Structures are given as C-alpha cells and as structure tokens.
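See structure below.
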Amino acid sequence: MPQQQIILVRHAETAWNRSRRYYTGQDDPDLTAAGKREAGLLRPHLQAYQDAHVLCSPALRARRTAVLAGLSVDINPDLREWSYQLPDGHTVDERCGSGPCHHDIWDSALHTTVCTGECLPEVTARADCVLDCARRLTAGGRPVVLVSHGNLIRLMTARWLGLPAAAGAHLALRTASLGRLAHYDGRPSLLGWNFSPSFDDRLLARPPAATASATVPPAQRIPPTAAPPQHHATDA
C-alpha cells in the first residue's frame, strides 16, 4: 500500500466559483445551495479518513465543506487561498481600476499599483510549509486530509510531484473534488485527481452509450479511495 497518504479536498461551490471571479483574500462567501449539496456528497468518500489528521483553510467555504463532508478539522492558516488582491469580484477578463492587470498568476504577481498580492514564490513557500507539516503528520502512520482551495491545491500537487510550482496551472480542478498524494514505487505520486462525486458519480450511473463520447471511461478514473494500480503506469 502507498505510504504518506495525503487526501486533497477542494471546497464546494460558491457564487464566485460559478462565475469564475477572483477572491481578493478578504472576502469570505458561504457555499451556494448547490455547493452544500456537493459537499454532502463527499461524505461517503471520506468515511475512511475519519481518523485522519484533518487540516483546513480558515475560509468559511472550506470549513463549511468540511463540516458537511463529516470531517472534524484543525485550522491551518497556510491553507488559505492565494491572495491575488484583485478588486472584489473581478473576472480574469476584466480590467482593474486604473488599467489592465497581469492576470497570469502562475507567471508572476499582479504587479500594478492596484493589484498587489502574493507572488508565485511567496505562495510556493507557504505551500511547501503545508506539505512539510503533512509529511511529519503522516510519519505516524495516519493519513492527512487537507481542505483548501483550487489554486493552492494545484500548486501543492505540483510541488509534491517535484515539479515547478507553475506546473499547477495544468492541473484542472472542480469544486468539491478529491485528490490523493502518496508514494508509489518509492516516488511521490498522484494516485487520484479531480474526482468529484457530484459529477463523476452521476456520469458513472449513466448507460455507457450516453457517456462514451463525452467522458473518460470509468476504468481510467482512479477515485482517491481506490487501491493503486498493480502495474508500472507512467501516467497516473
């Protein structure tokens, strides 16, 4: 079995997730009604981790997701979302007050007089601290569950895999989704990613003919609670 299991939980949907708006690091919205349903659907998939060390972002949307998923958490401030410091509620396509912002957070910080926030190296240092803490906790044999935010989870996953932090830009992640980090064949590995019960369970319940052209076949999905593959696959 893989060692040092770290389960990743992205919080469920908020109104700003639906419209793809940035958080400033100060706003703290609750989940939508759909988000609360999403979070509840995580519960059976996390039952095996009730005795895990559970660390959670201090944001309301993360704490609410954890409660609805049946988890008792300890708050870790380093799990907060990336503080972009864009004007409240702006999308990636909108301009900031006095001019255009540089929105590629995976490249550099938002370097304008209006948009000043955490730059990539600063967030990377924070993510590395979380992973170091998780490694220490898993050394005792218990898994760790991290309840956090989309971009921070993407960045932490890249760092776990030994990739540059900016590689997280290529790891798409739904709300209320699960991932699993572990060591496999002695290497830091990604054993599950972007498994969303509200999305994937619904698709798995459909007849194959209805989903064959639109979804990945079930055999290619590895939910976080599944056993690792028994072959030396190069693509997790």
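The values are calculated or read from the model by the stated rules, or taken from the named source; none is laboratory data. Computed from a predicted model, the values in this text were never measured in an experiment. Using ideal geometry, Cβ is built from the backbone for each residue, glycine included, and neighbour counts are taken over all protein chains shown. These area figures cover heavy atoms from the full protein model, side chains too; ligands, DNA and RNA do not enter into them. Shrake-Rupley method; radii C 1.70, N 1.55, O 1.52, S 1.80 Å.
Observations
- As a summary of the residue check, R80 satisfies the conditions (1) over 16 Å from P143 (Cα atoms); (2) at pLDDT 95 or above; (3) within 15 Å of the chain's Cα centre (by Cα) except for the one numbered (2).
- Selected residue [of a type in the set (D, E), touching a residue at least 12 places away in the same chain (Cβ under 8 Å) and open to solvent by 30 Å² or more (accessible area, probe 1.4 Å)] from D132, D201: D201
- Residues of the stretch 176-195 satisfying the condition of being part of a loop (DSSP other than H, G, I, E, B) and modelled with pLDDT of 95 or more: A176, S177
- When residues of the stretch 1-45 are limited to those that are among the small types (G, A, S) and modelled with pLDDT of 90 or more, the one most open to solvent (accessible area, probe 1.4 Å): A33
- Summed over the stretch 156-172, the residues that are in contact (Cβ under 8 Å) with a residue 60 or more places away in the chain and closer than 18 Å to V144 by Cβ give a count of 3.
- Residues within the stretch 204-223 that are crowded, with 16+ Cβ neighbours inside 10 Å and modelled with pLDDT of 50 or more, tallied: 1
- For the condition open to solvent by 20 Å² or more (accessible area, probe 1.4 Å) and modelled with pLDDT under 95, C119 qualifies.
- Among the residues making up the stretch 166-190, those that are open to solvent by 10 Å² or more (accessible area, probe 1.4 Å) and among the aliphatic types (A, V, I, L, M) are A166, A167, A169, L171, A172, L173, L190.
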